[in-house]
Every structure is written in structure tokens, then in C-alpha cells.
Amino acid sequence: MKINFDKLSVQLVETVVKYKRLLIYIKGSPDPDAIAGAYALKLVCEAHGTDATIISPHEPSLPQNNKMIEDLHLPVRFEEIEHCTKHYDAYAVLDHQSVSVEGITGVIPCAFHIDHHEPVNDEIPIDLEIQTREVGSTSTIMIFLVQALGITFDQDHWPNAATALYYGIQTDTDDFLHGMEPDHQALKIITPYADKILLNQISTLPMTKEAMHFFTQALQDQSVYKDWLISGIGFIEEKNRDTMGIIGDFLLKREDIAVAVVFGIVGKDSRLMLDACFRTKKESLNLNTIIKKITREGGARKYKGAFQVNLDYFANCPDRDLLWKTVYATTIETLKKRRDDAAAIGLKKIFSRFKKKVKGMFK
């Protein structure tokens, strides 16, 4: 890789010691990669005298993620942030395109942004930004930073971190299927210290009854448009939200399908959100561009992405069936249009390359 982790590790420590109290904020659904990266950063902070707290406003929605947190005793607090200046001097965001957090950004400084997704321009000052698409997970970045700091994974809490980071790489690279060379190098570093028994227990947990229900719903309400498979699963509680990604992975196994999209209306308390998960086999397909044309509240990296649309205005709709029918029909048509737009852009690029080759033949 082109990244100089020795230099970055020095900058990491220089930034850490600037603050006494750091908030490590997990945006979106707390998946293993985000949690593992956050925990590694917390340990680095505490090794240099900075108190770091990991907070997620959302609870994990997969039993595997809950088991990882519980069995490794990972100190993640699931709560909303209020009066951040009272408890924190700065904040960090890992494993997310954007560092913008309502009620936090602009109130306290952003110390760190560490991520492997397609970059976005937030125009928000950041002390240290480490963002690259040359790796398949944020956990990989953290492993190289820890190694550059001279920390070994056999001391104190680091064996638990090694196990979490291993699972972070595993999940974000789709069981290593889409792992890049740096991911495999990082795995070699931590594999001797990771708890293989626990990793096997996490990976083989049975599917919940709720997940099976939504699998059935997805199979019943799927729409195939050219090489895209689009499936709506209706209303789903936030605690089951990540089931959509698992369903998308399963639907993508169809030979004639290049993209699978699973969407539903996610409910929490009195709030509603349209949530959609994308999966693709095509490395060349820019899911991030497709999603950003639907809404800025979403993004992607290679092979997977997601977006959200706020539906709070319809929280009091008296006819949930009618609301779902409206959301379903609108989402299907929007995704069809985005599919055709993406195909048209792809053809333009092919034609442009062809024209250049033809011109080059007559020079």
C-alpha cells in the first residue's frame, strides 16, 4: 500500500494527546468493522492517557454482533448524545463516509476520521483523516496503525481487540471473498491472537425467527428488472434492520442477477425511515454514485451500499398498508430509473473509450 502507517501512527498519537476526553461515535448500524475499529482506537487512546468512550445511538440488529460485544466485553454504550461538551473535548468517526453528526459537529472538534468507503466532501475540519479504498475494512487500517505503534496483540485487552478486528475484516469482505491484499496481510498479523473458538461460535449462530420471516417476505415480494432484483420486506423494527443485508447477500446468488436491493420501512419508537441495502457482483459498478443520485443520506463501497430516507412525517398515517404500497411502488420505480441511468452512463464510457482507440489508429 502507498499509505505510510509509520508517519500516520505518529500523527495519531499527536492528535490523541491533544484531548482528555474523546467521543468515538458509531454512525449508522453498529456493524463488527465499526465496533472493532472503535475499540482499537479506544485502547490506543487510553494507552496515551486519553479517556475514550464508544457510543452508538443504535443497538446491533444481528445476534452475531451482540454475541461479539458481549463475549469480548466490548465497552459500547447505546444511547443518544446530549450536551456533548459536558463530557467530551472532541469526537471521532470510523467506518463511515461522513463525519457529520447532528448536535456534535460544529460543537466539538472532529479529531479523527478513519474509513475505507468512497470519500465525500463534508468540508468539516478534521485533525487527522485516514481514508483509503485500498483496503476492504476499517479494521485493516487500525491493525496496521497498531502495529506501527509497536503494540503487540498478546498484551492486556489486545487479544479481544484482535478477535473483534478479525471478525470486522471477515464481515466487511464478505467472508474474505472481496478481501484485498492488505486485508490478508492484516489477518496474518492478528490471526495468532484471535479467539478461533469464539469466531466459529459467532459465525454459526442460527438465524432468528424474525429473520426467517423477512426472508420469506423478500422471496414473495421480489421484482426482477433486467439484471436487478428488487425486494421489499414491509415494516421492520430497527433491531432487525441488518437482516436486509443478509437477505441481499442471499438473493445475489442468482446467476442472472448483477444487483440485489432489499428495502423496508424501519420503525423505532414513533420514527419511520425507508432503508435500502444494495449488493452487487460487478466490481465496476459505482454503487456510491447510484445511491447519491437517490439521496445524500447513503453511500457505498465496492459490492455493497445503503441509503435512508426519513419518513417521520408519515408516522401517524392511519393506513399502514396504503403507506407501504405507496413507498413500495415509488421505490421500485426509482430504482428502475437509477438502473437504466447507470447502464446509460456505462455505455457512454465504453463508446468514449472506443472513439479514443479509433482516433488513435488514424494518427
Which value, in debye to the nearest 20, describes the size of the charge dipole of region 5-203 about its Cα centre when Lys and Arg Cβ atoms bear +1, Asp and Glu Cβ atoms bear -1, and nothing else is charged?
440
Name all residues of region 300-322 having a backbone nitrogen under 16 Å from the label point set 7 Å from the Cα of LEU177 along its Cα→Cβ direction, giving them as ranges.
301-305
Label zone at VAL17 (point 7 Å along Cα-to-Cβ), backbone N below 18 Å, region 147-171
148-151
Rounded to a whole number of µm²/s, how large is the Stokes-Einstein D of region 300-346 at 25 °C and 0.890 mPa s, given Rh as the Kirkwood radius over C-alpha pairs?
190
Phi-based couplings in Hz for region 90-101 (Karplus 6.51, -1.76, 1.60; Gly and Pro marked x)
7, 9, 9, 10, 10, 6, 8, 4, 10, 9, 6, 10
Using a Förster distance of 22 angstrom, determine the FRET efficiency expected from the C-beta separation of SER270 and PHE78, and round it to 0.05.
0.75
I'm checking a number: the convex hull volume of the Cα atoms of region 41-192, normalised per residue, in Å³. What is it?
123
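Once you have the Cα-Cα distance between ASP340 and ASP156, take 0.36 nm times their residue separation minus that, and quote the gain in nm to one decimal.
Length gained, ASP340 through ASP156: 60.9 nm.
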Based only on other Cβ atoms within 10 Å, what is the fewest-to-most ordering of THR105, THR243?
THR105, THR243
Looking at PHE235, ILE151, GLN131, which one has the Cα that reaches farthest to the positive end of the dipole of the chain (charges on Cβ: Lys, Arg +1; Asp, Glu -1)?
GLN131
Could you line up ARG320, ARG77 from fewest to most neighbouring Cβ atoms inside 10 Å?
ARG77, ARG320
Under the √(5λ) rule applied to the eigenvalues of the Cα gyration tensor, what semi-axes describe the equivalent ellipsoid of the chain? Give them in Å, descending.
33, 26, 21
Working out 0.36 nm times the residue gap between PHE250 and LEU322, then minus their Cα-Cα distance, what length gain in nm do you get to one decimal?
23.1 nm
Percent of beta bridges antiparallel (DSSP, the chain, rounded to nearest 5):
45
Please report the base-10 log of the normalised intensity I(q)/I(0) for region 210-348, using a Debye sum with one equal scatterer per alpha carbon and no solvent, at each q in 0.10, 0.11, 0.12 (1/Å).
-0.30, -0.37, -0.44
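Exceeding 20 Å between C-alpha atoms, which entries from my cross-link table qualify? They are LYS27/LYS304; LYS18/LYS86; LYS27/LYS196; LYS253/LYS293; LYS209/LYS239; LYS42/LYS188.
LYS27/LYS196; LYS253/LYS293; LYS42/LYS188
Taking the Cα centre as origin and putting +1 on Lys and Arg beta-carbons and -1 on Asp and Glu beta-carbons, what dipole magnitude results for the chain, to the nearest 20 debye?
2080
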Could you tell me which residue out of GLN220, LEU287, LEU43 lies farthest along the dipole of the chain toward its positive end? Charges go on the beta carbon: Lys and Arg +1, Asp and Glu -1, centred on the Cα centre.
LEU287
Between the alpha carbon centres of region 1-58 and region 170-199 the gap in Å comes to 20
Under 18 Å from the SER223 label point (7 Å along Cα→beta-carbon), backbone N, region 319-344:
321-343
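Every number in this text was worked out from the coordinates using simple rules, so none of it is lab data. Just so it is clear, the structure is predicted and the values come from calculations on it, not from any experiment. Neighbour counts run over all protein chains shown; Cβ positions are idealised from the backbone, glycine included.
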